[in-house]
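This report concerns only the one structure given below.
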Amino acid sequence: MTSAPQDAGTGLWEALIALGTLILSLMGSAVAGTWVLGNSRNKVNEKIDKAVLELESKIDDENDTVKAQFGETVTALREKIRETELWNRDNFVSKQTFTLVMQEMRTSWQRFEDKLDKRLDTIEAKIAGKIPPWGGK
C-alpha cells in the first residue's frame with residue numbers, strides 16, 4: 001500500500017502533462033489554422049485581383065473601340081452636315097433674289113387687288129341697278 005501514494009503523485013503529473021500536451025496541441029492547431037486561413041485568404045485576394053485586372057483590361061479595350069467608333073460617327077456627321085450646307089447653298093436662292101421675287105409678288109398682288117376691287121364695284125353697281133344687266137351704260 002505504500003505504492004498507492006506514489007502512484008497518486010505520478011498520476012497527477014501524467015494528468016498535468018496530458019493537459020499541457022492538449023493545450024499545446026490546441027495552440028498549434030490554432031496557429032496552423034490561422035496560417036492556412038491566411039494563405040487561402042491571400043490566394044483568394046490574388047484571384048480577385050487577377051480577375052479585376054482582366055476585367056479592367058477588357059473594359060479599356062471596349063472603351064477604345066467605342067471611342068474610335070464614336071469618333072468615326074462624329075466625323076461622318078460633320079461631313080454630312082458640310083454636304084448638306086453645300087447642297088443648300090447651290091440649290092436655294094440667295095437673299096437678294098428672294099427679296100426681288102417678294103417685291104414682284106407684292107406688286108402683282110396689288111394689281112390683282114385693284115382689278116378685284118374694280119370688278120366688285122361693277123358687280124355692286126349692277127346689283128344696285130345703276131348699270132343695266134346687258135352691260136350698257
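Read-outs throughout are calculated quantities, based only on the coordinates presented, and are distinct from any laboratory measurement. Bear in mind the structure is a predicted one, so any value in this text is a computation, not a measurement. Here the Cβ positions follow ideal geometry from the backbone for every residue, glycine too, while neighbour counts run over all protein chains shown.
Stretching Met105 away from Phe70 to a fully extended chain increases their span by 7.8 nm, per 0.36 nm per residue minus the current alpha-carbon distance. Longest stretch of the chain clear of exposed loop sites (chymotrypsin sites (Phe, Trp or Tyr not before Pro), DSSP loop, at most 13 other Cβ atoms within 10 Å, sites excluded): 1-91.
Computed from backbone phi with θ = phi - 60° and the Karplus coefficients 6.51, -1.76 and 1.60, the 3J(HN,Hα) list for segment 58-65 is 4, 5, 4, 4, 5, 4, 4, 5 Hz; x is used for glycine and proline.
Relative to one another, the C-alpha centroids of segment 43-71 and segment 86-114 are positioned 61 Å apart.
Taking K and R as +1 and D and E as -1, what net charge do the other residues with C-beta under 12 Å from the C-beta of Thr107 add up to? Charge balance in the 12 Å sphere: -1.
Once you have the Cα-Cα distance between Glu83 and Asp61, take 0.36 nm times their residue separation minus that, and quote the gain in nm to one decimal. Let's see the in-between values first.
Values: separation 22, 0.36 × 22 = 7.92 nm, distance 3.32 nm.
4.6 nm is the gain from fully extending Glu83 to Asp61.
Lysine pairs in the chain whose alpha-carbon atoms fall under 26 angstrom of each other, counting only those eight or more residues apart or on distinct chains, come to 14.
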